Amino acid sequence: MSSAHDKPIDPNKVVLWSDDYEGHDPISTRTFGFWMYILSDGMLFATLFAAYGVLSYSHSYYTGPIPAQFVAPWYTFIQTMALFLSVLAYGFSMTALKTGSKAGVINGIIASMILGAVFIGLDIHDVLRMLSMGVTPEVSGGLSAFYALTQVHAAHIFVGMIWMLVMLYQVLRKGFTEDVVGRLISLRMFWQFQAVMWVFIYVFVYLWGYMS
Amino acid sequence: MLVNVPGPWSPLLGRLALSEIPYTNPILAPLFVVIVLAGLALIAAITYYGKWGYLWKEWLTTVDHKKLGVMYIILGLIMLFRGFIDGLMMRTQQMLGDGPGDNGLKVMGAIHGYLTPFHFGQIYSAHGLIMILLAATPLLVGIMNIIVPLQIGARDMAYPYLNALGLWITAAAVVLIMASLFVGDFSHNGWFGYAPIFEMAYSPGVGVDYWIWTLELVALGTTLGSINFLATVVKMRAPGMTWGRLPIFTWSAVSANIIALTSFPCLQVALALVGADRYLGTHFFTAGFGGNLMLYTNLFWLWGHPEVYFVILPAFGMISEIIPAFSEKPIFGYTAMVLATFAIAGVSWIVWLHHFFTMGMGPYVSTEFSVATMLVGIPTGVKVFNWTFTMYRGRLTYTSAMHWALGALFLLLVGGLTGMMLSIPAINYMVHNSVFVVAHFHMMLLCIVYAVFGAVIFWFPKVFGYKLNEYWGKMMFWLFSAGTVLVFLPMFMLGFMGETRRLDWPFNPHWATMFDIQEVGIAVYVLSVFAFLWMIYVSIRDRAQHRVGADAWGTSRSLEWLTDSPVPFYNYAMVPHVNARDEAAWRREHGFSEARPDHFKAIHMPNNTGVAILIGALTFVIGFALTWRIWWLTVAALIITVLVMIYRSGTGDPGYVISAEEMEKLDRDSRQKMPEDHIQHPHGDFTGGTVTAYSAGAADSLTQGTPPSRPQRLS
Amino acid sequence: MSHGHSNPIEHPEVQMASKGSYLTGFIVASLLMLAATILVSGKMLPSFALLLTIMGCAGLAVIAQVYFLLHIDISQHNIWNTVALVMFIPLFVITIGLTWWMFSQLYMRTMPMIPGMPGMH
């Protein structure tokens, strides 16, 4: 079966225990695991999209309002830019990490947090506006799905901001240890992934909803 | 936003009230007393023997993958027993309640049998949920937890702390579902739930909420575990352990965990949306207001079907380890086996609609899902043939583990062929929701249970250092198999006769004989439970006679059989260098099975932590508080959980280092614990002429420096 | 074992961060979103063409982000991330696509015919 059986073996030369095995690379192991978590998070969004797809027919809105009546594309475009800029700021914090510049990393994260807060603020304002128009998740299945998708994303942004706060503290307190650097890379992937998900939400929920 | 609940609610206790405790129920109240007394006795015993410190240090705070695996298995066995008792109650209800008219025992207000329909509904819902998610899943995850790092030559999982977290969150789910017995009630709408019965209007109690949060916790724990397994296999393999040399069980663990990682989020979303309907008043799955009932069924089975393969694939992997070991041949068709595993995993994603063929989406969709379902038969057939060809002309040893593996093969055949029948929509329309379907999937799930028992017996000596009693293992096998035949053959027949599933009152008097036979089967199952307990007792009592060396069976094949039995906490004193597929067999063939490392290096190990069990406890509190709508407790527990996680992230785990000298001493001690003559070849006196390939005692050739003669092969 | 022996800053996954690539990803994605917003808010195309166009915008923006931001490529340090993503993408498509297909067929057969309902072709 395996060809290893067929070669004659010299017992003095065969390697049975690995002497030079240096163990795994902790940063790569951490970031790979976190990337898998992110992908499973992507599956969470995919399932919500599937639900949204089923619940975005005209009869799904029952007799209530449809997205075309309450979505404001340009308002949400500003949200989009806030999020993209926040991701860019975090990217710059990671380029500062290359040289080990604490100030660069911290400035980048703070900028990223502020822009994230702008995104959340705009989102809350938008939700309050819609609620005041009577567009609530209890009105119809379609609106339930609309809120689920957009607010689950907002919840991710909120969690990311708490994480940034923790990272600010850890960078200041502990410097760039292996754990901290691994977390900074994981957070980068998390944050960038939120921008990817937002592209789908913006185009398929907001823009498409506005169209139809 | 929040939905108003019917009945009383207070800010402090939510819906919780003394009246929610069913102390008047003649089944639950005595059970509760027994459990409290047993718990008190256990606590007294631990205190008396002064074992609290041991328990805390060695088990509750451990991050050792083997101990976590053992705890997973214990958890799974306890829940298997609980699920079995549920099954026993269902069988008894149908036996007693059969026939027209008023035939109840007049207890607890039952008109038929001895259970009210509401109580019966809770029992079958709990039975299904427990057996699939809280018995099968922990058992499989536990065995994977123990074996996968050993099979790839790693010291531990990639994230030992996350591993502990996964266990304790699963344990929280177990505690939550057990709490539903004594505080409030459990869901009564089937283990997978039906829209819109689980909506607030139709299920105003807390049962459905228990169900939601139990499932959410299990899903969370399993997702964390799957990330850990995949990262471990990808990043932590020993040098020389290439993908082509990965043992089949590890391959099946990889494929199963890919399924878990990708599918459990769907379950979390499906249940979260049910939660949104019940707590926030949304309309995802309501009958009116633009909701869609079938969307729930779709989202649930989107997870549910891959989940079925998540539990069956590791079972296939176990069979693939047991059969070669006791056939003394390498697995037949390694590559085909791996490809078949991944084919099953891939196809598992495009078949979920066959759980609701009757939805009414028309012939095109049905055709796709029907054909895809039939496709599963091809890789599964490949596997069955590979196992058969592994045994063909092998030197078979009928140990109890082998009995279970062969039994699993037979059940797979029955379950698989009935599955093929069900994959045809025309047949499916006829038997949909009948007990024929129930009997079919019990064949598949029992195939898993058989594989698990086989695996537990097979790997038990590796973990504990002594074998389980073979006689009682076989006795349990035959009793269990007799029970299976007696319960499920009548069930197949009843399905054809038109018995729908979940009948608390099977009215047809002609079915009475069948129900009686099933009840006899359950009684035989009870005997097998006693045989199991007796097997454990006898094995522990006689453990001194059954101590084993590294290669416990004398014919084992994969890497885990190189290290000592019981496995020391560091797994391998020196990380092995892998030279072949089936490394243990390769070393035995070439006379290296006695070889031990002659020098050592310092190693780095993770510290124990109490954080994991604390977070597990907090997730239970969150689940319980959400179930009873105690908002302050939910928020408080959530905030504390986040703070604990941040605290843990701040402290991290520097681990500790064991020096090379210490390693040498540990290795010597570990070796001394094993019996001297540790290769126990089952065919020691076999003189058929072709034995050299696997005979012991070739260690001499290592000291003499001459290569052993090239082994003759059997096939 | 090699825990913490080398400077974590030197780790290849830190060193692969690049200002130019992050900036490119940002600009490409922003421009595509801007284009999609302009087209939709002005309703500049017929409905179906508009849908296809914004789908294209979304697809390109996501590819740009995944490539320039998330470093998904076949270099030695990212290959496993890429493998994992490639494994997931068909499942995303299956989850959403088959669900939509199944329910559009269901609605066609079970829902009252409301004018303008998708799936009514």
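Can you confirm whether C:V40 is at the interface with chain A (Cβ under 8 Å from one of its Cβ atoms), of a type in the set (A, V, I, L, M) and either surrounded by fewer than 18 Cβ atoms within 10 Å (Cβ to Cβ) or touching a Leu at 6+ places or on another chain (Cβ under 8 Å) (or both)?
Judged against the criteria, C:V40 is a match.
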Among the residues of the range A:92-110, which ones are closer than 16 Å to A:L172 by Cβ and in contact (Cβ under 8 Å) with a residue 12 or more places away in the chain? A:S93, A:A96, A:L97, A:G100, A:K102, A:G104, A:V105, A:I106, A:N107, A:G108, A:I109, A:I110
Entirely in the range A:128-212, the helices (runs of 4 or more DSSP H) that have 3 or more residues that are more than 30 Å from A:K102 (Cβ to Cβ), at pLDDT below 95 and more than 14 Å from chain B (Cβ to nearest Cβ): A:208-211
What's the number of the only condition in (1) of a type in the set (F, W, Y); (2) within 13 Å of B:M95 (Cβ to Cβ); (3) at pLDDT 95 or above that B:W505 fails to meet? (3)
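Yes or no, residue by residue, for (1) in a helix (DSSP H, G or I); (2) touching a residue at least 60 places away in the same chain (Cβ under 8 Å):
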{"position": "B:M71", "(1), (2)": "yes, yes"}
{"position": "B:D86", "(1), (2)": "yes, no"}
{"position": "B:A110", "(1), (2)": "no, no"}
{"position": "B:S125", "(1), (2)": "yes, yes"}
For the range B:390-445, enumerate the residues that are β-branched (V, I, T) and assigned to a loop (DSSP other than H, G, I, E, B). B:T397, B:T399, B:I424
Filter the range B:597-627 down to residues that are crowded, with 23+ Cβ neighbours inside 10 Å and aromatic (F, W, Y), then give me how many there are. 1
So which of A:I66, A:I38 ends up being within 30 Å of C:A84 (Cα to Cα) and among the β-branched types (V, I, T)? A:I38
Being surrounded by fewer than 24 Cβ atoms within 10 Å (Cβ to Cβ) and of a type in the set (D, E, K, R) narrows it down to one residue among B:E583, B:E594; which is it? B:E594
When restricted to B:G465, B:G483, B:G419, the only residue closer than 30 Å to B:L353 by Cβ and either surrounded by fewer than 23 Cβ atoms within 10 Å (Cβ to Cβ) or without any contact (Cβ under 8 Å) to a residue 60 or more places away in the chain (or both) is B:G419
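Listed here are the residues, each with its yes/no results for (1) of a type outside the set (S, T, Y); (2) in a helix (DSSP H, G or I); (3) surrounded by 24 or more Cβ atoms within 10 Å (Cβ to Cβ).
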position	(1), (2), (3)
B:S187	no, no, yes
B:T214	no, yes, yes
B:V218	yes, yes, yes
B:G225	yes, yes, yes
B:N228	yes, yes, yes
Just to be sure I understand, how many residues within the range A:78-93 are of a type in the set (A, V, I, L, M) and either surrounded by fewer than 24 Cβ atoms within 10 Å (Cβ to Cβ) or over 26 Å from A:V199 (Cα atoms) (or both)? 5
When you scan the range C:71-92, do you find a residue that is in a helix (DSSP H, G or I), under 30 Å from B:G360 (Cα atoms), modelled with pLDDT of 90 or more and among the aliphatic types (A, V, I, L, M), even just one? yes
Filter the range B:526-548 down to the residues that are surrounded by fewer than 22 Cβ atoms within 10 Å (Cβ to Cβ), at pLDDT below 95 and not polar (S, T, N, Q) and list them by number. B:D542, B:R543, B:A544, B:H546, B:R547
Looking at B:S320, B:S348, B:S327, which one is of a type in the set (G, A, S) and in contact with a His (Cβ under 8 Å, 6 or more places away or on another chain)? B:S348
Leading residue by the ranking (surrounded by the most Cβ atoms within 10 Å (Cβ to Cβ)) among those in the range A:148-180 that are in contact with a helix residue (DSSP H, G or I) (Cβ under 7 Å, 6 or more places away or on another chain) and without any contact (Cβ under 8 Å) to a residue 12 or more places away in the chain: A:V166
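Considering only the range C:91-110, I want to know if a residue exists there that is touching a residue at least 40 places away in the same chain (Cβ under 8 Å) and either at the interface with chain A (Cβ under 9 Å from one of its Cβ atoms) or surrounded by 15 or more Cβ atoms within 10 Å (Cβ to Cβ) (or both).
No, every residue in the range C:91-110 fails to be touching a residue at least 40 places away in the same chain (Cβ under 8 Å) and either at the interface with chain A (Cβ under 9 Å from one of its Cβ atoms) or surrounded by 15 or more Cβ atoms within 10 Å (Cβ to Cβ) (or both).
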Within the range A:49-77, can you find the residues that are crowded, with 19+ Cβ neighbours inside 10 Å, more than 7 Å from every other protein chain (Cβ to nearest Cβ) and either in contact with a His (Cβ under 7 Å, 6 or more places away or on another chain) or part of a helix (DSSP H, G or I) (or both)? A:Y52, A:P67, A:T76
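Here is a yes/no grid of residues against (1) free of Cβ contacts under 8 Å to residues at least 12 places away in the same chain; (2) part of a loop (DSSP other than H, G, I, E, B); (3) touching a strand residue (DSSP E or B) at 6+ places or on another chain (Cβ under 8 Å):
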position	(1), (2), (3)
B:W534	no, no, no
B:W561	no, no, no
B:M574	no, yes, yes
B:S593	no, yes, no
In the range B:189-206, the residues that are under 24 Å from the mean Cα position of the chain (by Cα) and surrounded by fewer than 23 Cβ atoms within 10 Å (Cβ to Cβ): B:N189, B:G190, B:W191, B:F192
For the range B:604-715, which fully contained helices (runs of 4 or more DSSP H) count at least 2 residues that are modelled with pLDDT of 90 or more? B:611-627, B:631-651, B:660-673
Which residue pairs have Cβ atoms closer than 9 Å, lie 6 or more positions apart in sequence or on different chains, and pair a first residue in the range B:664-682 that is under 15 Å from B:A552 (Cα atoms) with a second residue that is assigned to a helix (DSSP H, G or I) and at pLDDT 90 or above? B:P682/B:F326
For the range B:153-176, give me each residue that is in a helix (DSSP H, G or I) and over 19 Å from the mean Cα position of the chain (by Cα). B:P160, B:Y161
The correct count of residues that are within 26 Å of B:L115 (Cα to Cα) and assigned to a loop (DSSP other than H, G, I, E, B) in the range B:22-69 is 6
Which pairs do you get when a residue that is surrounded by fewer than 20 Cβ atoms within 10 Å (Cβ to Cβ), found in the range B:339-356, comes within reach of a residue that is of a type outside the set (K, R) and outside any helix (DSSP H, G or I), reach meaning Cβ atoms under 9 angstrom, with the pair 6+ apart or on two chains? B:A343/B:V376; B:F356/B:H432
So which of B:G291, B:G281 ends up being within 8 Å of chain A (Cβ to nearest Cβ) and either of a type in the set (S, T, N, Q) or in contact with a His (Cβ under 9 Å, 6 or more places away or on another chain) (or both)? B:G291
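The values are calculated or read from the model by the stated rules, or taken from the named source; none is laboratory data. None of the values given here were measured: they were computed from a predicted structure. Please note: Cβ atoms are built from the backbone with ideal geometry, for glycine as well, and neighbour counts cover all protein chains shown.
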